[in-house]
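Visitor: Please find one structure pasted underneath; my questions will follow.
The values are calculated or read from the model by the stated rules, or taken from the named source; none is laboratory data. This structure is a prediction, so every number in the text was calculated from the model and none was measured. Here the Cβ positions follow ideal geometry from the backbone for every residue, glycine too, while neighbour counts run over all protein chains shown. Side chains are part of the model used for accessible areas, which takes the heavy atoms of the whole protein and leaves out ligands, DNA and RNA. Shrake-Rupley method; radii C 1.70, N 1.55, O 1.52, S 1.80 Å.
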Amino acid sequence: MINDEAHHAWRVPPKVKIAGVAKEELKNAANWIAALDRIHCARGILNCFDVTATPFAPTGKKSGAETLFGWIVSDFGLNDAIESGLVKTPRVVVRDDGKLSSKYKSRFYHIYMDHDVKPDLTRKVEPEVPLPGLVENGYHLLGLDWLETLKKWKKRKERVPPVMITVANNTYTAARVEFFFKHKKLNNNDALCDPEGLLHIDSRVLDQAEEQEEPVQLKLASVENAENDAEDDEKENRLERKLSKKGQAELLRLQVDTVGREGQPGEKIQNVISVGMLSEGWDARTVTHIMGLRAFTSQLLCEQVVGRGLRRTSYEIDEKTGLFGAEYVNIFGVPFTFLPHEGTGDGPPPPPPSPKTRIEALPDRKGYEIAWPNVIRIDHQYRPQLTLDLPNVPVLVLDAYDSPTIAELAPIIEGKPDVTRITEINLRERGEEFRMQKNIFRAASYVFDQMQSTWKGSRDYLLAQLIRLVERFIESDRLRVDPPIFDRDDLRRRIVITLSMSKVVEHVKQAIHFGNTESLVPIFDTQRPIRATGDMLPWYTGKACEHTKKSHINIAVFDSRWEASEAFELDRSEHVRSWVKNDHLGFEITYSFRGVIHKFRPDYLVRLANGKMLILEVKGQDDQQQQTKREFLAEWTRAVNGHGGFREWTWAVSRNPTDIHEILPKASKA
């Protein structure tokens, strides 16, 4: 008996509980072993071999020697498979010509954790919202390399295309990536943007197909026979409309299972977008590029994602070397490195942990609970004639250092990058393709995609206005490229603008918002439209803190002495009914600064004695970014107050430790 993926089939001790593993999973893990026990009793099993890449219970925590199954007799890990040539060799980004991360690595190495990316990709937004600039930049580079691979495969007369996989953090990001490709936002790479080769894996639909006891029979021959017919697309669309939900789910499953297989439903797939993991045992051999847009918290998770693309396309022996030919998969965003365990265990024991204070909401203080509307975005209603007051539009400076044009990748050998075998992806060589007029139209179409849903007039008129406004902005002195030598060089300037398109779009969009909005419409999270202090889960801190009196939360944590003095006054002021320090509550204001999405958390939420809600920010120094925060905070309060379904909200900024005595009475009288 051979058990493949044996980490799903193991003997669970009675009444065992494992953190992160559902009871149903534990039950399923034991079902197969129980069946083998019955077979063994009836007929006798001579030998039983387990095969798995993860020989331990899936707890979700970091694995160590103590968590491994006790019956391991042979260990041939992924590193061994790579070195022996049984699988493709992964190549990761080791450096580029742009700014480095805080860990002195290329920002493409783990894109999701970049400070300009993570706040953006965690938002619940519509598909047409542009991806962060660094992500689009990564797709330009990886897409160029994919295009070169496609040309090589066509020369070899391969009948299926190479495949790029994107692993996203959530369904919102996956939808934005799909929109990016479907609407051909990737510069000069229509091949990768071909909708026929795009497969967005809906895990919910896929699960429905896999749960069917008997697969749904699909008459796919009609699609295959239509390939030489001029009415291909129409017939295929008719077939999709005729399929039931079960049929559509089964078609998706077949496409996923047959990616890269000639004559099968998945043969034309070249761009796969998935949330989370592709299923174990997925054996597409044509994967050549991987983009990771999620957090990777363990080496195991990196190996699982990268492992989806390591199956070789060919197992033919090279007659000259007697070995398999070298094959590679190029990776952005997956920090894939084999790191040895640090330390030998012979050193002194670690110091005891510092004392921690438990922070929690107290049930007996329910009367002090503070609630707020959970706004995920604010839609704008515009006046019909759009204008752009250029002299008052903030200057947008595009730093060429933020837009890499060259990326160097190194293969992972013996657990670390082999810098003697570096390959290069270079966008500069195709600089002539980045035309300014195309940039203007792309930027205008991006803004158009986001504005058209709330536009009441002619959409053609909207697009025409946007093209004019974007052109004025790009050609004005309100858009600069640093260093100045790039600003004076037309080619370099065009390249930087192309790679910074999301920043340009966001900056122009906000300038139009603030100058042309007639009304604001807050959009609430449909799953949790209202959040409250009582929703906060208990947590622990080692920071300075103090017990509270008028707060639903037992203790307030401070980042400065100034915050501590403000909290003291909030607890004793007659103008305050209740208050809370905004820490671990999830109250955030999304704002855009210099074309990049950020989030900030105001310091305090205060329910005043007159019933109004006050958002209080503690800030001493002032700069352009702080002013921008206040503009978006003011917009948030106007939108919520305009909705009328919540208390009246206001906001204030405390600029020194003593002005709280003026802010509270003033807010109470307003």
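Visitor: Tell me the residue from Arg95, Arg123 that is at pLDDT below 95, basic (Lys, Arg), touching a strand residue (DSSP E or B) at 6+ places or on another chain (Cβ under 7 Å) and closer than 24 Å to Gln510 by Cα, please.
Guide: When all the criteria are applied, what remains is Arg123.
Visitor: Only residues in segment 429-450 that are open to solvent by 10 Å² or more (accessible area, probe 1.4 Å) count as the first member; pair them with residues that are polar (S, T, N, Q) and not in a helix (DSSP H, G or I), Cβ under 6 angstrom, at least 6 apart or cross-chain, and list the lot.
Guide: Sorted first by the residue in segment 429-450, then by its partner, the pairs are Glu433/Asn188.
Visitor: Can you find a residue that is farther than 27 Å from Gly266 by Cβ, modelled with pLDDT of 85 or more and more than 20 Å from the chain's Cα centre (by Cα) anywhere in segment 295-316?
Guide: no
Visitor: Quickly run through segment 411-423 and pick out the residues that are surrounded by fewer than 20 Cβ atoms within 10 Å (Cβ to Cβ) and either in contact with a strand residue (DSSP E or B) (Cβ under 8 Å, 6 or more places away or on another chain) or aliphatic (A, V, I, L, M) (or both).
Guide: Listed by number, the residues that qualify are Ile413, Asp418, Val419, Arg421, Ile422, Thr423.
Visitor: Can you name the number of the only condition in (1) among the aliphatic types (A, V, I, L, M); (2) modelled with pLDDT of 90 or more; (3) open to solvent by 40 Å² or more (accessible area, probe 1.4 Å) that Leu396 fails?
Guide: (3)
Visitor: Being within 23 Å of Arg312 (Cβ to Cβ) and not in a helix (DSSP H, G or I) narrows it down to one residue among Glu158, Glu148; which is it?
Guide: Unique residue meeting the criteria: Glu158.
Visitor: Turning to a different aspect of this structure: Just name the residue that is least open to solvent (accessible area, probe 1.4 Å) out of those in segment 484-497 that are assigned to a helix (DSSP H, G or I), without any contact (Cβ under 8 Å) to a residue 60 or more places away in the chain and farther than 26 Å from Asp449 by Cβ.
Guide: Asp487
Visitor: While we're here: Just to be sure before I move on: is Leu537 under 29 Å from the mean Cα position of the chain (by Cα) and under 21 Å from Ile378 (Cα atoms) in the structure I sent?
Guide: Against the criterion (under 29 Å from the mean Cα position of the chain (by Cα) and under 21 Å from Ile378 (Cα atoms)), Leu537 does not qualify.
Visitor: Anything in segment 47-59 that is among the hydroxyl-bearing types (Ser, Thr, Tyr), modelled with pLDDT of 80 or more and more than 26 Å from Ile82 (Cβ to Cβ)? List them, or say none.
Guide: none
Visitor: Looking at segment 87-117 only, could you name the residues that are crowded, with 16+ Cβ neighbours inside 10 Å and not in a loop (DSSP other than H, G, I, E, B)?
Guide: Those that are crowded, with 16+ Cβ neighbours inside 10 Å and not in a loop (DSSP other than H, G, I, E, B): Thr89, Pro90, Arg91, Val92, Val93, Val94, Arg95, Asp96, Ser106, Ile111, Tyr112, Met113.
Visitor: Could you give every pair whose Cβ atoms fall below 9 Å, whose first residue belongs to segment 519-535 and is within 18 Å of Ile589 (Cβ to Cβ), and whose second residue is basic (Lys, Arg) and part of a helix (DSSP H, G or I), counting only separations of at least 6 or pairs across chains?
Guide: As it stands, the answer is Leu520/Arg638, since those pairs meet every condition given.
Visitor: I'm trying to understand the selection: among the residues of segment 1-46, which are within 24 Å of Leu300 (Cα to Cα) and at pLDDT 85 or above?
Guide: Of everything in segment 1-46, those that are within 24 Å of Leu300 (Cα to Cα) and at pLDDT 85 or above turn out to be Ile2, Asn3, Asp4.
Visitor: If the Cβ limit is 6 Å and pairs must be 6+ apart or interchain, which residue in segment 550-574 that is without any contact (Cβ under 8 Å) to a residue 24 or more places away in the chain pairs with which residue that is open to solvent by 40 Å² or more (accessible area, probe 1.4 Å) and not in a loop (DSSP other than H, G, I, E, B)?
Guide: Cβ pairs passing all conditions: none.
Visitor: Report, ordered by the first and then the second residue, all pairs with beta carbons closer than 8 Å, sequence separation of six or more or different chains, a first member in segment 453-472 that is open to solvent by 40 Å² or more (accessible area, probe 1.4 Å), and a second member that is in a helix (DSSP H, G or I) and of a type in the set (Val, Ile, Thr).
Guide: Pairs that qualify, where the first residue is open to solvent by 40 Å² or more (accessible area, probe 1.4 Å) and the partner is in a helix (DSSP H, G or I) and of a type in the set (Val, Ile, Thr), are Ile467/Ile440; Glu471/Ile440.
Visitor: Read through the list (1) open to solvent by 80 Å² or more (accessible area, probe 1.4 Å); (2) touching a Leu at 6+ places or on another chain (Cβ under 8 Å); (3) among the hydroxyl-bearing types (Ser, Thr, Tyr), then give the number of the only condition that Ser476 fails.
Guide: It is condition (1) that Ser476 fails.
Visitor: Go through (1) outside any helix (DSSP H, G or I); (2) among the acidic types (Asp, Glu); (3) closer than 21 Å to Arg311 by Cβ one by one and return the number of the condition Glu126 breaks.
Guide: (3)
Visitor: Further question: Looking only at segment 503-559, filter to residues that are open to solvent by 70 Å² or more (accessible area, probe 1.4 Å) and in a strand (DSSP E or B); which one of those is nearest to Ser354 (Cα to Cα)?
Guide: Ranking the candidates gives Tyr540 first.
Visitor: Oh, and also: Has segment 152-175 got at least one residue that is within 30 Å of Gln452 (Cβ to Cβ), touching a strand residue (DSSP E or B) at 6+ places or on another chain (Cβ under 9 Å) and surrounded by fewer than 17 Cβ atoms within 10 Å (Cβ to Cβ)?
Guide: Looking for residues that are within 30 Å of Gln452 (Cβ to Cβ), touching a strand residue (DSSP E or B) at 6+ places or on another chain (Cβ under 9 Å) and surrounded by fewer than 17 Cβ atoms within 10 Å (Cβ to Cβ), one finds at least one in segment 152-175, hence yes.
Visitor: Here is a list of conditions, (1) open to solvent by 60 Å² or more (accessible area, probe 1.4 Å); (2) at positive phi; (3) not acidic (Asp, Glu), and Asn188 meets all of them except one; can you say which number that is?
Guide: Exception for Asn188: condition (1).
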